[in-house]
Amino acid sequence: MPDYLPLCVFRQGLLPPDCRRCAWWQTSTGRPDPDAAVQVRGRWLPSVEEQWGAAGILLYEESQRLAASRSTSLPAGSMATRGSVHFAPLGSLPRFRTLGFGDLADEAGFLFCLRYEGDGAYRGPKRLVLRALAELRKRGVHEVYAVAEPSQDSSSPRDCRFFSPSLLAACGFEHVGSSGTLYLMRADIRGLIHIAEQLRSLLKRLVHNHPTPSPAAWSRPRTTERPRWP
C-alpha cells in the first residue's frame, strides 16, 4: 500500500541515487560533481529541517507491488520509493536568484525536483504536488512558487529540475513571469480549500483505505527566530 513520508535528513537515502548526488538548486553556478553535491546536500538539508521542517515528501510502496510493475526483483517485505518532491523556502535556494525572475520573499515556499515512477500519466505526480501544497499550507506558508519549462509538457519529463506547466496549472498554479524558456508559476494557498478537496478525492479514488501519516512523523521544533540561510 503506498504511503507518504516527510523527507528528513535520515531518510535521504530513500531518494534515487541521481537525486542524492544532485545539488543544482542548492548552488548558484554550474553543476557540482556527485561527490561535491553530496556534501552540499549534507549541509543544506539539516539546515532547512532545523529551521523550517522536512524539505519534501516521499511516496513509497511495498516492494512486491513495485517489483511486479517494474519486472525486477526486490527483497520481500522491503519498501521502495516510488516518487518524491522537494520543497523549501526560496531564501535557501541560491540557484533561483540566478534565473532572472526578480526578487521574491525569502519565506515563500518553492517546489522543485519532482520524481515519479508509475503509470497513470499525471495522476501520480498531481497527487504528490497536491500533498506538498497541503503540507505547506499547514505550516502557514502563504504562497508557493515553482519553475516550469514548456518542453516538459508530457507524462515523462526529461528534466526533473523543472515542472510541466499543465501539471502545475492543474494543481492551482498561475503563470506570473517568464525568463528565457522558463515560466515562473505561483499558487496562493492561504485559502486552498479546493486543493484539499481535490487531494481527498484523489486519495479515495486512487488508493483505497489510504493510511494517514502519523502527526509525529511531521513534527519539528518550533522557532520564533527568522531563518538565516547559509
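In the range 4-16, is there at least one residue being farther than 24 Å from PHE162 by Cβ, β-branched (Val, Ile, Thr), modelled with pLDDT under 90 and out of contact with any Ser or Thr (no Cβ under 8 Å at 6 or more places or on another chain)?
Scanning the range 4-16 turns up no residue that is farther than 24 Å from PHE162 by Cβ, β-branched (Val, Ile, Thr), modelled with pLDDT under 90 and out of contact with any Ser or Thr (no Cβ under 8 Å at 6 or more places or on another chain).
Write out, first by first residue and then by second, each pair whose Cβ atoms fall under 8 Å of each other, whose residues are 6+ apart or on separate chains, and whose first residue, in the range 4-16, is among the hydroxyl-bearing types (Ser, Thr, Tyr) while the second is open to solvent by 10 Å² or more (accessible area, probe 1.4 Å).
TYR4/TYR60; TYR4/ARG131; TYR4/PRO213
For the range 33-50, check the following and say yes or no: at least one residue is within 17 Å of ARG95 (Cα to Cα) and part of a loop (DSSP other than H, G, I, E, B).
Checked the range 33-50: at least one residue is within 17 Å of ARG95 (Cα to Cα) and part of a loop (DSSP other than H, G, I, E, B).
Which one is nearest to ARG139 (Cα to Cα), of the residues in the range 20-58 that are open to solvent by 30 Å² or more (accessible area, probe 1.4 Å) and of a type in the set (S, T, N, Q)?
GLN51
A quick yes/no check of all residues on (1) closer than 20 Å to TRP52 by Cβ; (2) modelled with pLDDT of 95 or more:
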position: ARG123; (1), (2): no, no
position: VAL144; (1), (2): yes, yes
position: SER151; (1), (2): no, no
position: GLU174; (1), (2): no, yes
position: LEU182; (1), (2): no, yes
position: GLY191; (1), (2): no, no
position: SER201; (1), (2): no, no
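Output the residues belonging to the range 79-94 that are at pLDDT below 95 and among the polar types (S, T, N, Q).
Matches in the range 79-94: THR81, SER84.
The values are calculated or read from the model by the stated rules, or taken from the named source; none is laboratory data. Fair warning: this is a prediction, and the values are worked out from it, not measured in the lab. Quick reminder, even Gly has a Cβ in these numbers, built from the backbone with ideal geometry, and neighbours come from all protein chains shown. Surface accessibility is based on the protein's heavy atoms, side chains included, excluding ligands, DNA and RNA. Shrake-Rupley method; radii C 1.70, N 1.55, O 1.52, S 1.80 Å.
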